[in-house]
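Inspection log for the structure reproduced underneath, given as structure tokens.
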Amino acid sequence: IGQLTYSIRDNIMYINHVFVVSHLRGQGIAGDLMNFALNYAKEENLDIEPICSYARSFISRGGNN
């Protein structure tokens, strides 16, 4: 259905890619994946480095404040 890939190095979570299959896009799945990742990063006291354009956009729109 969807996938978010990331790596963690030096206390930074690098969000590399967010993908949702085409016929399910627009239903909030990518946002759910981002919220899960950002909540995990917060719980683990990780900084975020959004590599993926969707992740950058999601965060700049104020996602998961």
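The values are calculated or read from the model by the stated rules, or taken from the named source; none is laboratory data. What you are looking at is a predicted structure, and each value in this text was computed from that prediction instead of being measured. As a convention, Cβ positions derive from the backbone with ideal geometry for all residues, glycine included, and neighbour counts pool all protein chains shown. Remember, those area values only see protein heavy atoms, side chains included, never the ligands or the DNA or RNA. Shrake-Rupley method; radii C 1.70, N 1.55, O 1.52, S 1.80 Å.
Any chance region 48-58 includes a residue that's β-branched (Val, Ile, Thr) and open to solvent by 50 Å² or more (accessible area, probe 1.4 Å)?
There is at least one residue in region 48-58 that is β-branched (Val, Ile, Thr) and open to solvent by 50 Å² or more (accessible area, probe 1.4 Å).
Of the conditions (1) in contact with a helix residue (DSSP H, G or I) (Cβ under 7 Å, 6 or more places away or on another chain); (2) open to solvent by 80 Å² or more (accessible area, probe 1.4 Å), residue 36 clears all except one; give me its number.
Only one criterion in (1) in contact with a helix residue (DSSP H, G or I) (Cβ under 7 Å, 6 or more places away or on another chain); (2) open to solvent by 80 Å² or more (accessible area, probe 1.4 Å) is unmet by residue 36, namely (1).
Condition test on residue 38, is it touching a Gly at 6+ places or on another chain (Cβ under 6 Å) and not β-branched (Val, Ile, Thr)?
no
Kindly indicate which of 45, 64 is open to solvent by less than 90 Å² (accessible area, probe 1.4 Å) and either in a loop (DSSP other than H, G, I, E, B) or of a type in the set (Lys, Arg) (or both).
One residue alone meets the criteria, 64.
Between a residue in region 1-22 that is under 11 Å from residue 37 (Cβ atoms) and any residue that is in a strand (DSSP E or B) and of a type in the set (D, E, K, R), which pairs come within a Cβ distance under 6 Å, given they are 6 or more apart or on different chains?
14/49
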